[in-house]
Amino acid sequence: MSINVTLIVQMFVFALLVWFTMSYLWPMIRQAMEEREKRIADGLAAAEQGQGSLLKAETRADEIVEKARVKARDIVEQAGSQANDIVSGAREESEQERQRRLESAQAEIKVEINRARDELRGQVAMIAVAGAQKVLEREIDSETHRDLLDRLASEI
Amino acid sequence: MEDAHTETSADYIVHHLTNLHVGEGFWTFHLDSIFYAVILGFLFCGSFFMAARRASAGVPSGWQNFVELIVEFVDTQVKDSFHGSSRLIAPLSLTIFCWIFLMNFMDLVPVDLLPAIGEAAGIEYMKVVPTTDLNTTFGMSFGVFILIIFYSIKIKGTAGFLKEIFLKPFGKWFFPFNFMLKIVEELAKPISLALRLFGNLYAGELIFILIALFTLSASADSIGQVFANLADPGSFGLLIMQILLGLVWTLFHIVIITLQAFIFMMLTIVYLGMAHEEH
């Protein structure tokens with residue numbers, strides 16, 4: 001067991017190994033590891049960001065749905081009131097129409113009544129004249145007593 | 001181990017603790033230490049390079065996952081105890097941890113397996129654990145020591161470094177003492193690093209060898225003799241003892257080899273961190 005030139009050789013081998021590790025092994029392995037670390041960190045950050053935007057999108061979707069719901073309710077209400085308006089309007093109109101028809105019918109009836117009355121009056125006058133003629137036997141001329149007969153007719 | 005029957009326990013142990021070497025005196029090369037250190041270095045670099053080449057930012061799987069686990073672990077340790085910025089220190093720590101662990105791991109390979117194969121191939125001596133060779137551990141710790149000096153000078157400047165050597169901690173009138181203290185302080189770092197690792201692994205290896213001694217005298221030349229030996233209650237008991245003790249020590253040693261690799265790495269980080277700090 002003695003110190004000899006083997007020591008120098010082993011030092012040389014050692015130096016060579018260290019040189020190789022320092023120049024090649026270590027940088028290659030560390031680079032891969034750091035790259036992976038970075039990639040994982042990026043992935044995590046992206047995931048977090050994705051989660052954040054998902055949350056944001058969800059709130060936005062909720063807002064939109066809520067807005068739509070409100071709008072729909074408004075529309076339904078509006079439609080309801082419009083329908084009511086239309087129905088009530090129609091009712092009013094038909095009421096007016098009915099009134100108008102009623103009135104015109106009444107007016108027509110009145111005219112008819114008046115006509116019939118006038119006719120009847122004339123006929124009554126004639127009957128009266130004919131009756132009187134019969135009674136008086138020519139004593140009364142319809143032509144000569146027209147004004148008398150007319151007065152009689154208007155009194156009936 | 002030409003003839004197991006005549007081999008004594010001492011011979012066996014000494015044989016196991018002798019490196020395969022060429023050369024004389026200082027110019028002795030421990031071929032087995034160098035061979036296994038280089039092979040394991042290649043194993044580390046190759047297997048990590050495989051993962052590194054295919055490393056992508058996608059989902060890692062299998063081996064890449066394991067490599068990244070270790071890299072992350074080392075990186076955490078460095079970031080916790082080293083507050084400067086350096087491109088070198090983290091890769092250095094990774095290399096130290098993995099290489100030492102692999103070299104220590106050779107200790108868990110059965111003590112006679114690789115030497116026996118080597119012997120069959122005509123290689124007389126073989127020590128398979130490079131970290132039980134002082135040259136390996138000192139090789140690494142001196143490497144770390146050079147880096148400590150280098151960074152001390154780089155960060156504090158030559159003047160600052162000299163000032164620290166001569167003027168701390170007792171002021172300028174005691175500069176010889178300061179200098180001596182500093183030398184001891186600095187030299188203690190590589191020496192303690194190397195000896196701690198060497199001592200633990202050497203002792204561990206020695207205990208594996210001692211456990212292997214249980215059935216050394218019962219070595220058999222033929223399969224028939226193996227069964228004959230097993231029939232003998234004494235040898236059978238020794239065999240059971242060896243298996244049990246070997247198991248226990250191996251389990252315990254798994255902790256030790258990992259711990260020693262970790263300690264070497266941690267102390268390197270701490271020493272280099274100290275070199276980076278102004279006092």
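Among residues belonging to region B:116-159 that are β-branched (Val, Ile, Thr) and surrounded by 18 or more Cβ atoms within 10 Å (Cβ to Cβ), point out the one that is farthest from B:HIS253 (Cα to Cα).
Selected residue: B:ILE148.
Here is a yes/no grid of residues against (1) in contact (Cβ under 8 Å) with a residue 40 or more places away in the chain; (2) facing another protein chain (nearest Cβ under 8 Å); (3) of a type in the set (Gly, Ala, Ser):
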| residue | (1), (2), (3) |
| --- | --- |
| A:PHE14 | no, yes, no |
| A:VAL18 | no, yes, no |
| A:MET28 | no, yes, no |
| A:GLN31 | no, yes, no |
| A:ALA45 | no, no, yes |
| A:LYS67 | no, no, no |
| A:VAL70 | no, no, no |
| A:ARG73 | no, no, no |
| A:GLY80 | no, no, yes |
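Quick check on region B:22-34. Is at least one of its residues aliphatic (A, V, I, L, M), within 23 Å of B:ILE146 (Cα to Cα) and surrounded by 13 or more Cβ atoms within 10 Å (Cβ to Cβ)? Let's see the steps before the verdict.
Narrowing region B:22-34 to residues aliphatic (A, V, I, L, M): B:22, B:31, B:34.
Next cut, within 23 Å of B:ILE146 (Cα to Cα) only: B:34.
Then drop every residue that is not surrounded by 13 or more Cβ atoms within 10 Å (Cβ to Cβ), which leaves B:34.
Among the residues of region B:22-34, at least one is aliphatic (A, V, I, L, M), within 23 Å of B:ILE146 (Cα to Cα) and surrounded by 13 or more Cβ atoms within 10 Å (Cβ to Cβ), which makes the answer yes.
Tell me which residues, restricted to region B:102-115, are under 18 Å from B:MET140 (Cα atoms) and buried (at least 21 other Cβ atoms within 10 Å of the Cβ).
If the condition is that a residue be under 18 Å from B:MET140 (Cα atoms) and buried (at least 21 other Cβ atoms within 10 Å of the Cβ), then B:LEU102, B:MET103, B:ASN104, B:MET106 are the ones that fit.
Note down all Cβ pairs under 7 Å where the first residue falls in region B:251-278 and is in contact (Cβ under 8 Å) with a residue 40 or more places away in the chain and closer than 14 Å to B:THR131 by Cα, the second is among the β-branched types (Val, Ile, Thr) and surrounded by 22 or more Cβ atoms within 10 Å (Cβ to Cβ), and they're at least six residues apart or on different chains.
B:GLN260/B:ILE100; B:ALA261/B:ILE100; B:PHE264/B:ILE96; B:PHE264/B:ILE100
Do we have any residue at all in region B:35-50 that's within 22 Å of B:PRO190 (Cα to Cα), without any contact (Cβ under 8 Å) to a residue 24 or more places away in the chain and surrounded by fewer than 22 Cβ atoms within 10 Å (Cβ to Cβ)? Walk me through how you get there before you give the answer.
Of region B:35-50, the ones within 22 Å of B:PRO190 (Cα to Cα) are B:37-38, B:41.
Filter once more, keeping what is without any contact (Cβ under 8 Å) to a residue 24 or more places away in the chain: B:38.
Subset that is surrounded by fewer than 22 Cβ atoms within 10 Å (Cβ to Cβ): B:38.
Yes: region B:35-50 contains one or more residues that are within 22 Å of B:PRO190 (Cα to Cα), without any contact (Cβ under 8 Å) to a residue 24 or more places away in the chain and surrounded by fewer than 22 Cβ atoms within 10 Å (Cβ to Cβ).
Quickly run through region A:1-19 and pick out the residues that are touching a Phe, Trp or Tyr at 6+ places or on another chain (Cβ under 9 Å) and surrounded by fewer than 19 Cβ atoms within 10 Å (Cβ to Cβ).
A:MET1, A:SER2, A:ILE3, A:VAL5
Are any of the residues in region B:160-170 exposed (fewer than 14 other Cβ atoms within 10 Å of the Cβ), part of a helix (DSSP H, G or I) and either modelled with pLDDT under 85 or more than 14 Å from chain A (Cβ to nearest Cβ) (or both)?
yes
For region B:4-18, check the following and say yes or no: at least one residue is within 11 Å of chain A (Cβ to nearest Cβ) and in contact (Cβ under 8 Å) with a residue 24 or more places away in the chain.
yes
For region B:235-250, give me each residue that is over 15 Å from B:THR215 (Cβ atoms) and free of Cβ contacts under 8 Å to residues at least 24 places away in the same chain.
Residue satisfying the conditions is B:VAL248 alone.
Please verify whether B:ILE89 is hydrophobic (A, V, I, L, M, F, W, C) and under 25 Å from B:VAL129 (Cβ atoms), treating the condition exactly as stated.
Spelling it out, it is not the case that B:ILE89 is hydrophobic (A, V, I, L, M, F, W, C) and under 25 Å from B:VAL129 (Cβ atoms).
Would it be correct to say that A:ALA41 is of a type in the set (A, V, I, L, M) and either exposed (fewer than 10 other Cβ atoms within 10 Å of the Cβ) or more than 14 Å from chain B (Cβ to nearest Cβ) (or both)?
Criteria not met by A:ALA41.
Please work out which one of (1) modelled with pLDDT under 90; (2) part of a helix (DSSP H, G or I) is the condition A:SER2 fails and give its number.
Status for A:SER2: all satisfied but (2).
Considering only region B:20-48, how many residues are facing chain A (nearest Cβ under 8 Å) and in a loop (DSSP other than H, G, I, E, B)?
The number of residues fulfilling the criteria is 2.
Pairs only if they're at least six apart or on different chains, beta carbon under 8 angstrom, first in region B:186-207 and without any contact (Cβ under 8 Å) to a residue 60 or more places away in the chain, second of a type in the set (Asp, Glu); list them, first residue then second.
Within 8 Å, no pair qualifies.
The values are calculated or read from the model by the stated rules, or taken from the named source; none is laboratory data. Here the structure is a predicted model, which means the values were calculated and not measured. No Cβ is skipped: glycine too gets one built from the backbone with ideal geometry, and neighbour counts run over all protein chains shown.
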